[in-house]
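Laboratory data are not the source of any read-out in this text; all were calculated from the coordinates shown. Computed from a predicted model, the values in this text were never measured in an experiment. When we count neighbours, we look across all protein chains shown, and the Cβ atoms used for this are built from the backbone with ideal geometry, even at glycine.
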Amino acid sequence: MILAAGRGERLRPLTDTIPKPLLEIAGKPLIVYQLEALAKANVHEIVINLGHLGQQIRAYLGDGGRYAVDITYSDEGDAPLETAGGIIQALPLLGDESFIVTNADIYTDFDYAALPVLSDKEAHLILVENPPHNLAGDFALRDGKVAAAAEQKLTYSGIGVYRPVFFKGLA
């Protein structure tokens, strides 16, 4: 699943007329980098949630054929559901197995093929060193598991793998 519903507030006024996932870096929209990386990792069925200016994303990407992927859209309308809400709405489209979630607006060379298929864990998050805009970090690692509190925290990269059960009971 690619999360593409956000408003892109920090990039206004650019995102007043163009959704953040369609902003270009080196001549290519951010979301296209994600599609290409996922296809390279042999991930070909992709759900993209839409919100702010979502019809532009749908019009640009179409069914995904030109990127060697099959895209299904989960439209949240003009009131995006935030990250968990968007995933919960899309769960019927994601199936019963673990699935990758990535932000549409990140620029990374991460190899999605390196992500595990989860069978005994509910989630696997990719954490990175803290960037200047998030020096406090988001999560800590304790014995290889994410913990909320610790002396040193890392930042969530916007990439993870989840099993549907992780969202059970949330609405």
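Only residues that are assigned to a loop (DSSP other than H, G, I, E, B) and touching a helix residue (DSSP H, G or I) at 6+ places or on another chain (Cβ under 8 Å) were counted across region 18-39, and they come to 3. In the set D138, D70, D120, D143, only one residue is of a type in the set (D, E) and farther than 27 Å from L170 by Cα; that residue is D70. Of all residues in region 38-74, those being farther than 21 Å from G95 by Cβ, in contact with a strand residue (DSSP E or B) (Cβ under 8 Å, 6 or more places away or on another chain) and surrounded by 13 or more Cβ atoms within 10 Å (Cβ to Cβ) number 5.
For the structure I just gave you, tell me whether A84 is touching a residue at least 60 places away in the same chain (Cβ under 8 Å), closer than 24 Å to V165 by Cα and touching a strand residue (DSSP E or B) at 6+ places or on another chain (Cβ under 7 Å). So A84 does not fit the description; no. Under the condition of being under 10 Å from A5 (Cα atoms), among the charged types (D, E, K, R) and in a loop (DSSP other than H, G, I, E, B), the residues counted in region 40-86 number 2.
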